[in-house]
Amino acid sequence: MTERTPTAERSIDTRDATVTCPCGSTQVLDLGRCRELSRTPDTQSAPDPGRLYRCRKCRLLFRAPALSTFDAEALYESISGDEWQYDAWDSSAWILAHRRLQLRTPGDLLDIGSFDGQFLAQAPPGWRRAAIEPNPGAVAHLQQQGIDAIQGVLNDDVCSRLQGKFDVVAMFDVFEHLHDPLHGLRLAAACLRPGGALYLSTGNADHWTWRLLGSEHPYLATEQHLVVGGETWFRDTCRSQQWQPPRMTRISHKTARGLSRVRAAELAVYFGARRRPWPYRGLASVLHKLPGCHHRLHRRYMPHIDQLQDHLFVEITP
Ligand SMILES: [Zn+2]
């Protein structure tokens, strides 16, 4: 993807400010204030959504200021069992990972951020299952299923206990929560035996919706989404770490068929066009006159969608 130049974007040198990419670079593009976040039930006030930046060095998209490590971990520990429940066969990443696991000789499988273990529960026969999960209720549930579960997050302490012990490490919808994504990938890779593979899924910063929607992208409606990698980022990172080139597949977050994808794409075009000047705005006014689309006028931001292929499934073999 070529470098985007939306109207709201301005190049800044942050050497005198405080914005630094997780890679350490201060050469960043300011893509604007992130979309507003929902109010939290305890404080009744909405958190500061921060601004969205793109690093000119590593191409990562990141939010700043962002939720601190301490607050993020407290949030993951407090989440109730009703949230983040997936239907295993609704998740494109889980389906792909399941197929890849079937092609490998069964061994040791680690799921980082496994929540209640639905992915592990669907692992093909023969795989020995382990998990890292911050939520104590979810960990108890995992242990009841006979899964070797460690309560915690992906950090040096936890990974030092698991170094070189797994044939496959899975990390679905976790990457975007990492304050230092490269360090996180290194830790996950360190848990692998020689010849092992890391499967991860996350948003794709190189998807066209980011050029249209920028800091108002639905992916930023979640405060815990701190960074967005992309095909460029993963390819360059694997090269810099002297790993094999990553195998990447564009996926939708949930499985979707043709017509629902077309509808989702049209929705993204509408909201993207609306935030731009004429003639894009003219296109938006045509689209909102389509049958059943008038209600969009009153929505400030594009709603969350799962049908566009704006995610990546990445297989890394260090
Ligand atoms: Zn960077």
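We did not get these values from a lab; they are worked out from the coordinates using the rules stated. Keep in mind it's a predicted model, so treat the numbers as computed, not measured. For neighbour counting, all protein chains shown are included, and Cβ atoms are generated from backbone atoms with ideal geometry for every residue, glycine included.
Residues of region 182-218 with the amide nitrogen closer than 15 Å to a label point 7 Å from the Cα of GLN163, along Cα-to-Cβ, please.
Output list for this probe position: 186-194.
Would you calculate, for the chain, the mean residue ellipticity at 222 nm contributed by helices, counting each DSSP H stretch of 4 or more residues as -39,500 (n - 2.57) and dividing by all residues, to the nearest 500?
-8000 deg cm²/dmol
Would you please state which residues of region 168-200 a label at THR317 would reach in this model, taking the label point 7 Å out along Cα→Cβ and a backbone N cut-off of under 20 Å?
Zone members listed by number: 168-171, 185-200.
Would you calculate the separation in nanometres between label points at ILE79 and GLN244, each defined as 7 Å from the Cα along the Cα-to-beta-carbon direction?
Spacing of the two 7 Å Cα→Cβ label points: 3.0 nm.
Based on Cβ point charges of +1 for Lys and Arg and -1 for Asp and Glu, what charge dipole magnitude is obtained for the chain about its Cα centre, in debye rounded to the nearest 20? Walk me through the numbers before you get to the answer.
Numbers: 38 positive and 35 negative charges, 319 e Å.
The dipole of the chain has a size of about 1540 debye.
Considering the chain, which cysteines have no disulfide-compatible partner, defined as another cysteine with its Cβ under 4.7 Å away?
Lacking a cysteine Cβ partner under 4.7 Å: CYS34, CYS159, CYS191, CYS238, CYS293.
Once R0 is set to 35 Å, what does the formula 1/(1 + (r/R0)^6) return for the Cβ-Cβ distance between ARG56 and GLN122, expressed as a FRET efficiency to the nearest 0.05?
Computed FRET efficiency for ARG56 and GLN122: 0.30.
Give me the extension gain from HIS304 to ASP71: residue separation times 0.36 nm, minus the current Cα-Cα distance, reported in nm with one decimal.
Between HIS304 and ASP71, full extension yields 81.5 nm more.
Starting from the Cα of LEU283, step 7 Å along the direction of its Cβ; do the same at ARG261; then give the gap between the two resulting points in nm.
So the label points at LEU283 and ARG261 sit 2.0 nm apart.
Please give the FRET efficiency for LEU103 paired with ARG186, using the beta carbon to beta carbon distance and R0 = 22 Å, rounded to the nearest 0.05.
0.30
Testing the spin-label approximation: label points 7 Å from Cα along Cα→Cβ at LEU37 and LEU297. State their distance in nm.
Once both label points are built, they end up 3.3 nm from each other.
Relative to the first principal axis of the alpha-carbon coordinates of the chain, what is the inclination of helix 181-190, with its axis defined by its Cα atoms, in degrees from 0 to 90 and to the nearest 10?
So the inclination is approximately 20 degrees.
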